[in-house]
Amino acid sequence: MGLGKLSVRINGAECGVEAILLGVVTSIGGFLFGYDTGQISGMLLFTDFRRRFATETDSDGNADWNPLLQSLLVSLMSIGTLLGALSGAYTADWWGRRKSLSFGVAIFIIGNIVQITAMNTWVHMMMGRFVAGLGVGNLSVGVPMFQSECAPREIRGAVVASYQLAITFGILISNIINFGVRNIQDSDASWRIVIGLGLAFSLPLGIGVLAVPESPRWLAARHDWDGARLSLARLRGLKHDPQHQLVEMDVREMYKVLEEESRVGVGSWAECFTGRPSGIPKLVYRTFLGAGIHFLQQWTGVNYFFYYGATIFESAGVDDPILTQLILGAVNVVMTFYGLYIVEKYGRRWPLFLGALWQAVWLCIFASVGVALPPEDNPTTGIVMIVAACMFIASFAGTWGPMAWVVIGETFPVRTRAKQASFATACNWLGNFLISFLSPIADDGIGYAYGYVFVACNLVGAAVIWFFFYESRALSLENVDRMYGQPHVKPWTSNKWVPPGYITREKRDPNAYDDDAGVNDAAAAGARAEIREKRGERSNSEEPIASHVNGSGSSPSPSDVEAGKAKAQ
């Protein structure tokens, strides 16, 4: 029996084993993101790495970093990821979601090879990080988008949030490896091993992604309804029964939105910022909402700790800063598991709002203690700062870390999703670049008072969530579009909105007509016919949507839809 015929019951609905496998395989893209982020913090302290690439010396004659050089070496990867994220919109649309991910892995491998071969010039190492960043940036767009388009809505939030879980695992594993090789830091093998292992970690994604189904929404947007139906069936564990009621409903919800949008083609970049010509509800609003949340995700301050944590805690008098990084990485992983639970249990709005406030409190403590009680004069200050950092990361890992990726997976319409997701992710990497570039310079200038900047950013993030972000928990991607089109629905009341034809967001009304105009379309007729057949009440006046979205792979014509409506009436 193939994996496409196996399923498990989650949240009251059948979810295919292939959907779970897809989530696991694609999350390796997040692992690479985290691994590349976490490795540099410890490598900056390695003796051989400093001797080869640092350009200054300290008072003892040892190699030391110039703040500007350190900023460039760390941050140019973020410029690469920004450009890679923008390119991800094109490769995901041109080649499909799966091939685009394999392309991103190939670029990442090339970048790692360039880094491993660096000898004595920081420019060589910096350019390798730039190229690897191009690949990571491409993956950071493609993975959440692919996951959100493929995962059944009953597990979509958790699957997309698993991308952030994989990021945390990548950071933790890189910290463990840094901790393990620190005893040979006088040898170039220390940092070459750390970078080289990234090559091995990337191969399961590049190869494995080709074995899972292509995005049904990408296929349907290209009028390959036959392929879309088969993909949906596999993701539900119903490859042997592609006419099943669950698949019918998934096809129907896709059809109503995608067929209408496909008549005017794929959205342009200009449309993302003007809303024309499609007239999709709140399109520009959603473009800037996703971009703002992702920029603010970086300015919560998380990578201040993950890029420079070892350096920060070394300056705070901590005896083993690499071990401290390992502790922070472990907290990050454990609390992200909690985030996977609350994203489905409590939605997106409240965790993001409360998480931002909690993070602001602990960052304020971190900065205040560092400023008022300088670590060099107070040995206990370092301990308090570590506790504050752990409490901050615990909140980030359970809220802003995973949920920002869920936002870009759920907020955008399929017509412009690739470009909007690309822009939002590029803003994430822009924020990442600014953090990685400015932190050494700011730390050298204002010290721990830099933490107050992140306090303010978290408060801004809480305000953005409360006043602008709509709750999308348990909605299909098509119904998210519907919600944004309802003028009476406000962000702070959006959690109460239920789609037409549903009793609750989780439970569909089997007898409801799902048509805003008050008539039954062919798709709704097909769904009701399937339900009645289960009850033994088959009506000859209705036929399933399978007869309209047919096995030839072509999409229904307008005349077919009108005929379906006539039959339903």
| field | Fraction of accessible area attributable to carbon and sulfur, the range 9-212 (%, probe 1.4 Å) | value | 67
| note | Residues meeting the amide H criterion for Glu56 (H placed from the backbone, H to H distance under 5 Å, 5 or more places apart or on another chain) are Asp64, Asn66
| query | How long is the range 9-212 along each principal axis, judged by its Cα atoms, biggest number first, in Å? | reply | 65, 33, 25
| task | Could you please put Phe353, Phe46 in sequence from largest to smallest accessible area, using a 1.4 Å probe? | result | Phe353, Phe46
| request: Within the range 155-194, find all residues whose amide N lies under 12 Å from a label point positioned 7 Å from the Cα of Thr47 along Cα-to-beta-carbon. | output: 182-188
| note | Over 29 Å (Cα to Cα) among Lys282/Lys345; Lys239/Lys419; Lys239/Lys282 -> Lys239/Lys419; Lys239/Lys282
| said: With +1 assigned to the C-beta of every Lys and Arg and -1 to the C-beta of every Asp and Glu, and no other charges, what is the dipole magnitude of the range 9-212 about the Cα centre in debye, to the nearest 20? | reply: 420
| Where the centroid of each part is defined by its Cα atoms, how far is the range 187-258 from the range 366-386 in Å? | 48
| note | Of Phe130, Phe337, Phe49, ordered by accessible area with the largest first and a 1.4 Å probe, the sequence is Phe337, Phe130, Phe49
| Given charges at beta-carbon only (K, R positive; D, E negative), |dipole| of the range 263-348 in Debye | 800
| field | Surface accessible to a 1.4 Å probe, per residue, for the residues of the range 9-212, Å² | value | 32
| remark: Per residue, accessible area of the range 265-508 with a 1.4 Å probe, heavy atoms of protein chains only, in Å², comes to 35
| For the range 332-351 and the range 97-164, what is the separation of their C-alpha centers, rounded to whole Å? | 24
| task | Could you estimate the translational diffusion coefficient of the range 265-508 from the Stokes-Einstein equation, with Rh from the Kirkwood formula over C-alpha pairs, at 37 °C and 0.692 mPa s, in whole µm²/s? | result | 172
| task | Kindly write out, for the range 55-70 in residue order, the coupling ³J(HN,Hα) from the Karplus curve 6.51 cos²θ - 1.76 cosθ + 1.60 (θ = phi - 60°), rounded to whole Hz, with x marking Gly and Pro. | result | 10, 10, 10, 8, 5, 8, x, 8, 4, 9, 8, 6, x, 5, 4, 4
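The values are calculated or read from the model by the stated rules, or taken from the named source; none is laboratory data. Worth saying up front: this structure is predicted, and the values here are computed from it rather than measured. As a convention, Cβ positions derive from the backbone with ideal geometry for all residues, glycine included, and neighbour counts pool all protein chains shown. With ligands, DNA and RNA removed, areas are computed over all heavy atoms of the protein, side chains included. Shrake-Rupley method; radii C 1.70, N 1.55, O 1.52, S 1.80 Å.
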